[in-house]
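Here's the structure we're looking at; comments come further down.
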Amino acid sequence: MPLPCTYSLAPAILEAAQPAETMSIAPSSSFLAVFCLISAVFFTGFLVKMMIRVAVLDHPGHRSAHERPTPKGGGVGVMATFFVLCPILLAETGQPVLSAPVLLTALATALLAGVSWLDDLYQWPPSIKFAAQCLAAALVVAGGTSLPLPMTWGGPIAGALISALWLVFITNAINFMDGLNGLISGSLAVGCLLIALTGPAFGVPDLFWPALLLCACLCGFLPFNYPKARIFLGDVGSQGCGLLAGAAALHVAHATPLPSGWLLGPCLLFPLIYDVLFTLVRRKLAGHSLVQAHRGHLYQVLHRSGVNPALITLAEWGFVVWGAVVAHFIAPLPVLPGLACGLGLLLVPQLLWTGCAIQQTRRHPVGPW
């Protein structure tokens, strides 16, 4: 967990020491920025329609929530639009475009999205995807987006290692949870909107426009995926967006002056983190393989037991909003009390959600999960 320290792995450009300059945008720039956001929604929608016509199909299997072949690769529209408009948006709002953190994060995201799209096409072995995730995480950390741990907690080496592990974990967690219409795309859209709105209060106003842009891109995709899916996000979208979400969480942890402000990212992503960790622990205790494909996530179990998938997705979006409320409440607290209090508050709805799944499967058995 990060504590105040006097050094940084990142260049000075990451320090977010000029929030006033970052947010003082000329009216013309504001107009162009808003135009970029509106364009992102429609351009993403246009590209997603094109990907539906390309028809790289996801055929249903025993783990699938869909019953008929459905196109995948909607994330191509999301990621392409984000890459095209983000440099324009950063330049128009007076933020650095050619800084090390921006360039290396962009390179890492492009690399991972590209490999993931090829995997969507050719079904590569998991080892290739994992290697791409590790390389992408290393690039993000090399750019300076890393936890600022003091020497008493291991210093910059420990901070870099933990940051890379976090990026690989959260990228996989988001990919694992992308199995129900609108769950990941909607959760990330809500999370991006909340980061944009709360970022200035957490000392990271520089995330305002990039977060809004990714939210706009996801909103352009969402009508094609929720409540009925005409196309899926695919690994290209879930892994690309997952890496960006993890990097944003690290940037908040790096730049926030609030003692427990570093928990903003984990709080917003906690519903996804909890489901993945709970499922891994439960499968381990049950003697199941942790690397074998399954359909035992809580959202999958609830869906299999007959709960309306649209309602499950809406509940997950609500959990993200609750994460923002918790993050705001604990931000001024010291690190350890903030962590303990935040964990307790975040666990309450997740434990209720788990209890709901258990009760539902007792009424409507779904077999081993």
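What are the ³J(HN,Hα) couplings of segment 324-341, residue after residue, when phi is run through the Karplus curve with 6.51, -1.76, 1.60 and θ = phi - 60°? Round to Hz, x for glycine and proline.
5, 4, 4, 4, 5, 5, 8, 3, x, 6, x, 4, 5, x, x, 5, 5, 5
Please sort 32-39, 334-341, 143-150 by packing, taking for each peptide the average over its residues of neighbouring beta carbons within 10 angstrom, highest first.
On the way: 32-39: 16.4, 334-341: 14.9, 143-150: 24.2.
Packing proxy ranking, top to bottom: 143-150, 32-39, 334-341.
So what J values fall out for segment 358-363 if you push phi through Karplus, 6.51 cos²θ - 1.76 cosθ + 1.60 with θ = phi - 60°, rounded to Hz, Gly and Pro as x?
Karplus-based 3J(HN,Hα) across segment 358-363 equals 5, 5, 5, 6, 6, 6 Hz.
Ala91 to Met50: FRET efficiency via 1/(1 + (r/R0)^6), r the Cβ-Cβ distance, R0 30 Å, to the nearest 0.05?
On the way: r = 27 Å, r/R0 = 0.90.
Using R0 = 30 Å, I get an efficiency of 0.65.
Just how large is the dipole of segment 215-369 about the Cα centre, in debye to the nearest 20, putting +1 at every Lys and Arg Cβ and -1 at every Asp and Glu Cβ? Mind dumping the intermediate values first?
Working: 9 positive and 3 negative charges, 116 e Å.
Result for segment 215-369 is approximately 560 debye, rounded to the nearest 20.
Along the charge dipole of segment 12-363, Cβ charges K/R +1 and D/E -1, which of Leu161, Phe83, Gly45 sits furthest on the positive end?
Gly45
So, in Å, what gap is there between the alpha-carbon centers of segment 218-232 and segment 267-339?
With segment 218-232 and segment 267-339 each reduced to a Cα centre, they are spaced 22 Å.
Just tell me which lysines come within less than 30 Å, Cα to Cα, of Lys228; anything on the same chain fewer than 8 places away is out.
Lys49, Lys72, Lys129
Counting pairs of Cα atoms in the chain, how many percent are more than 31 Å apart?
Values: 21836 of 67896 pairs.
Of the Cα pairs, 32 percent sit more than 31 Å apart.
Using the Kirkwood formula on the Cα atoms of segment 182-308, what hydrodynamic radius do you get, in angstrom to one decimal?
On the way: mean 1/r = 0.0621 Å⁻¹.
About 16.1 Å, per the Kirkwood formula over Cα pairs.
Relative to the present Cα-Cα distance, how much length would full extension add between Leu352 and Ile157 at 0.36 nm per residue of separation? Numbers along the way, then the final one.
Working: separation 195, 0.36 × 195 = 70.20 nm, distance 3.84 nm.
Going from the current span to full extension adds 66.4 nm.
Once the other residues with Cβ under 10 Å from the Cβ of Trp353 are scored (Lys, Arg +1; Asp, Glu -1), what is the net sum? Intermediate results must be reported in sequence, preceding the final value.
On the way: positive: none; negative: Asp275, Glu316.
Every neighbour counted, the sum reads -2.
Any idea which of Pro200, Gly342, Val141 is furthest toward the positive side of the dipole for the chain, if Lys and Arg beta-carbons carry +1 and Asp and Glu beta-carbons -1?
Gly342
Report the percentage of all Cα-Cα pairs in segment 81-234 whose separation exceeds 27 Å, rounded to a whole percent. Provide the component values of the computation, followed by the final result.
On the way: 3254 of 11781 pairs.
Summing the P(r) tail past 27 Å for segment 81-234 gives 28 percent.
Calculate for the chain the 222 nm mean residue ellipticity that helices alone would give, adding -39,500 (n - 2.57) per DSSP H run of length 4 or more and normalising by residue count, nearest 500 deg cm²/dmol. Show your work: numbers first, answer last.
On the way: 13 runs with 246 residues, N = 369.
Value at 222 nm, helices only: -23000 deg cm²/dmol.
In a shell of Cβ-Cβ distance under 13 Å around Gly182, excluding Gly182 itself, what net charge do Lys and Arg (+1) and Asp and Glu (-1) give?
So the surrounding residues net to 0.
Please compute the net charge surrounding Pro223, taking Lys and Arg as +1 and Asp and Glu as -1 over other residues with Cβ under 12 Å from its Cβ.
On the way: positive: Lys49, Lys228, Arg230; negative: none.
Overall, the nearby charge balance is +3.
Dipole size in debye (nearest 20) for segment 12-363 around its Cα centre, Lys and Arg Cβ +1, Asp and Glu Cβ -1? Intermediate values should be presented prior to the final figure.
Values: 15 positive and 12 negative charges, 255 e Å.
So the dipole magnitude of segment 12-363 works out to roughly 1220 debye.
The numbers here are math on the coordinates, done by the rules we state, and not lab data. Note that this is a predicted model, so its numbers are computed, not measured. With ideal geometry, Cβ positions are generated from the backbone for all residues, glycine too; neighbour counts draw on all protein chains shown.
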